[in-house]
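The values are calculated or read from the model by the stated rules, or taken from the named source; none is laboratory data. As the structure is a prediction and not an experimental result, all values here were calculated from the model. Here Cβ is always computed from backbone atoms with ideal geometry, including for glycine, and neighbour counts include all displayed protein chains.
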Amino acid sequence: MITLGIDTLYAAISVLLAQWWAGELVHERNIALYSWIFVPIVIVVLATRRLYRQKLEQGFLDDFEPVETSIAVAALATLTIMLLLVPRLEVGGVVVPYIRPSELILRIWLCAAILIPALRLLRSVLNRWLRRKYQVGAPALVLGSGPVAHQLIARMQQVPEYGLWPTGLLDDARPNEAEMAELLGVPYLGTPADLESAARATHAADLIVAPSMLPDDQLARIAHEAQRLGMRVRVVPRLMDAVGSKTRIEHLGGVPLMVLTRVDPKGWQFALKHAVGRSAALLGLVLISPLFLMLMLAVKLSSPGPIFFSQDRIGRDGKVFGCLKFRSMRPADPASASFELQEGVAPGGVEGDDRRTWIGKIMRKTSMDELPQLLNVLRGDMTMVGPRPERPEFVELFEMHVRRYGDRHRVKAGITGWAQVHGLRGQTSIADRAEWDNYYIENWSLLLDFKILLLTVLAVLRPTED
């Protein structure tokens, strides 16, 4: 409701600014009065695009296109109405050259197209800052047990931008000590029968229903009870690995059916993605060629050894290719201890002794050591956006221990990816990386690739080892 009110205010401000811009002529033939039709129309159009529904991690980039489209549609609808309603002013059979409705609507559209998205950008930045710094979010109860419930709790705590904070767990059996440790400090508040008391004690606004051993009819009654208490109910589907963001709901009589979308990494859509990626890589190499040549010279002068460092990585369908980087380290000392990977984390960053050169430290902090991978994209080994490739010896290990890790190799490896823009760079959880990468594959679109590339720029501004 707050967003609705602020959008209404800024739409009205846009009309006022446009009228001021047009000057005194706008008051002829009641053009200024008719132009106020834009305010309710733009609010209705925004509402029909579901832009006032509360969503998890709905950022500015997700809202930008539908908001701008809605403003343009509202401006066009307002112009159509004004052309029908505003009378033509004629003197002696000649139309007097006062300001036309189209000129005013053009000004309204320009003002609204700047003000309303700017407001949403400010709101998004403020929300993310408050949620990350002060853990501002709606208190949520989790109903269920097992790995999915634990995963939900971990995600809410790790990604405050979702705007949810776990305050308790409900299940038909009390978790044992090992399971309680996996709940990351979230207390067990009783069985589903204790929903009302738990909701009142924690002031929970959301209930998230995870897969459990409870019968479906009992889960339905619990969901209805939560709604009666004023809670928002979210349900994890049992086929969660197959449900993507484009899944839609249909009804066969009174039975809801989820229609799953199909992703074909060998289809024409991914062929188009790779063609666009190669073109972008070629253009990028041309644009950064002065920087590329300077880095080549700096690497060569920093220490003995080759300019490029090629390392075997696993790409699409398990094929091995040489992943290129600028060499950022001196040759290893044969007497130094070997690097041992920590359990549950991905390799990366500084492994073992820090042998980085002065230019290597700069390149790693800014991710410029990855620039030669544009050559991998041109060769067809990689693409601009996709799961980051891993070394063969680690792939074999991860496929045995990490759920759905091998599914990442359905597509070409990328220079940047959905996991990396969510902070999973360097020695971070490999299970989390697999989760984010598989989400990307199953929800891929060119728009998502463009979003990731924009977020990559922001991620580079918050440098970390990879």
| said: Taking the criterion of being charged (D, E, K, R) and crowded, with 20+ Cβ neighbours inside 10 Å, would at least one residue in region 191-202 satisfy it? | reply: no
| said: Going by what's in this entry, would PRO347 be described as more than 18 Å from ASN376 (Cα to Cα) and at pLDDT 70 or above? | reply: no
| request: Of the numbered conditions (1) of a type in the set (Lys, Arg); (2) surrounded by 15 or more Cβ atoms within 10 Å (Cβ to Cβ); (3) assigned to a helix (DSSP H, G or I), ARG234 fails exactly one; give the number of that condition. | output: (3)
| Could you count how many residues in region 11-40 are modelled with pLDDT of 90 or more and surrounded by 20 or more Cβ atoms within 10 Å (Cβ to Cβ)? | 5
| said: Checking the structure you have, find out if any residue of region 412-420 is closer than 20 Å to LEU374 by Cα and among the aromatic types (Phe, Trp, Tyr). | reply: yes
| said: Criterion first (under 23 Å from the mean Cα position of the chain (by Cα) and of a type in the set (A, V, I, L, M, F, W, C)) does LEU397 satisfy it? | reply: no
| task | Scan region 109-128 and give yes if some residue there is among the aliphatic types (A, V, I, L, M) and closer than 27 Å to ALA210 by Cα, otherwise no. | result | no
| remark: Residue count, region 131-151, condition among the aliphatic types (A, V, I, L, M) and surrounded by 22 or more Cβ atoms within 10 Å (Cβ to Cβ), comes to 5
| message | Being within 14 Å of the chain's Cα centre (by Cα) and of a type in the set (Val, Ile, Thr) is true for just one of ILE441, ILE415. Which residue is that? | response | ILE441
| query | List, please: which pairs have Cβ atoms under 7 Å, are six or more places apart or on different chains, and start with a residue in region 161-186 that is in contact (Cβ under 8 Å) with a residue 40 or more places away in the chain and end with one that is of a type in the set (A, V, I, L, M) and in a strand (DSSP E or B)? | reply | GLY163/ALA138; LEU164/ALA138; LEU164/ALA140; VAL186/LEU169
| query | Does ARG364 meet the test of being touching a Gly at 6+ places or on another chain (Cβ under 9 Å) and not aromatic (Phe, Trp, Tyr)? | reply | yes
| Is it the case that region 297-316 has a residue that's in contact (Cβ under 8 Å) with a residue 40 or more places away in the chain, within 27 Å of ASN443 (Cβ to Cβ) and surrounded by fewer than 17 Cβ atoms within 10 Å (Cβ to Cβ)? | no
| remark: Filtering region 373-394 for residues that are of a type outside the set (Lys, Arg) and in contact with a helix residue (DSSP H, G or I) (Cβ under 8 Å, 6 or more places away or on another chain) leaves a count of 12
